[in-house]
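Working notes for the structure below.
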Amino acid sequence: MSARRGFTLIELLVVIAIIGSLVAILMPALAGARARTRLTVCATNLRELGIGLSSYMRDSGDIFPYVSYMPSISSAPLVNVVDPIYLADVLKNHVGNEKTFKCPDDMGHLQRDDPNNGKSYFESERSSYEYRTPMLGGRTMKDVVKRIHDSRGDGNLFQESTIWIMRDYDNFHGPAGTTGSRRYVYYDGHVTDFENM
């Protein structure tokens, strides 16, 4: 009967080195997969908010709501309004979950002016997503299209699907100018990484 032989120190070190190499190879792939997952969650949230906004409009005679642009600071662009109006409050009966208003990459890591420095947009505005109040608030889509058409004055017609209605408040997903740094949802519900109109 032969004696059982254990691993030598060199064999153990070789196994540890191989495992370390495999982990080093897999980590960037896992980080990339997590980033893609966050982009997908953001796109899903924007799509759901677009659906919630459509539901709101069906109940309001196809008129877009008024909300404050940056409610944590002021009620602007609304005038003669004491308390700011939050997008989350306007759409709460039309969106199933409060988490829909939070982009997973809105973590408070971006430089912001006081009093919101160090806070995520979700913390201060109760939404990671900016609603296009100045263009849309109190109007129907037909009014918005006519207003844009008249202001352009070039005679070219364009589609409602080229008008974005909400987007990330900031470049949450990467440096400005890079693909996917900011997500947009358009009137027809599609989500993209760039601004058309």
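When the expected Rg is taken as 2.2 N^0.38 Å, what fraction or multiple of it is the alpha-carbon Rg of region 12-192?
1.27
What order do you get for 174-182, 187-195 when each peptide is scored by the mean count of other beta carbon atoms within 10 Å, highest first?
Order by mean packing, descending: 187-195, 174-182.
What translational diffusion coefficient, in µm²/s and rounded to a whole number, does the Stokes-Einstein relation yield for region 49-144 at 37 °C and a viscosity of 0.692 mPa s, taking the hydrodynamic radius as the Kirkwood radius over Cα pairs?
In µm²/s, the coefficient is 234.
Would you please give the residues with an amide H less than 5 Å from that of residue 118, counting only those at least 5 places away or on a separate chain, with H modeled from the backbone geometry?
Placed amide hydrogens put 112 under 5 Å from residue 118.
Highest mean first, what order results for 49-58, 137-146 on Cβ atoms within 10 Å?
For the peptides 49-58, 137-146, the packing ranking is 49-58, 137-146.
Could you go through region 133-139 in sequence order and give the Karplus-derived ³J(HN,Hα) for each residue, using 6.51 cos²θ - 1.76 cosθ + 1.60 with θ = phi - 60°, rounded to whole Hz, and x for Gly and Pro?
Values, residue by residue: 4, x, 7, 9, x, x, 10 Hz.
Ratio of Rg to Rh for region 153-197, alpha carbon only, Kirkwood?
Reported Rg/Rh, Kirkwood definition of Rh: 1.06.
Using the Cα centre of region 1-138 as origin and beta-carbon charges of +1 (Lys, Arg) and -1 (Asp, Glu), tell me which of 76, 136, 91 is placed farthest towards the positive end of the dipole.
Working it through, the farthest residue towards the positive pole turns out to be 91.
Output the 0 to 90 degree angle, nearest 10, between the alpha-carbon long axis of helix 9-59 and the longest principal axis computed from the alpha carbons of the chain.
So the inclination is approximately 10 degrees.
Under a Cβ-only charge scheme (Lys and Arg +1, Asp and Glu -1), can you give me the dipole magnitude of the chain about the Cα centre, in debye to the nearest 20?
With Lys and Arg at +1 and Asp and Glu at -1, about 680 debye.
Scan around residue 165 for amide H atoms under 5 Å from its own, H built in the peptide plane at 1.01 Å from N, and keep only partners 5 or more places away or cross-chain.
Those lying under 5 Å, H to H, from residue 165 are 185, 186, 187.
Please give the FRET efficiency for residue 40 paired with residue 179, using the beta carbon to beta carbon distance and R0 = 22 Å, rounded to the nearest 0.05.
0.90
Kindly express, to the nearest 10 degrees and within the range 0 to 90, the angle between helix 141-152's C-alpha long axis and the longest C-alpha principal axis of the chain.
So the helix axis and the longest Cα principal axis differ by about 90 degrees.
Given labels modelled 7 Å from the Cα in the Cβ direction, how far is it in nm from residue 58 to residue 113?
Computed distance between label sites residue 58 and residue 113 equals 3.9 nm.
Coordinate-derived values only; no laboratory data. Nothing here was measured: the structure is a model prediction, and the numbers come from that model. Glycine also receives a Cβ, built like all others from the backbone with ideal geometry; neighbour counts cover every protein chain displayed.
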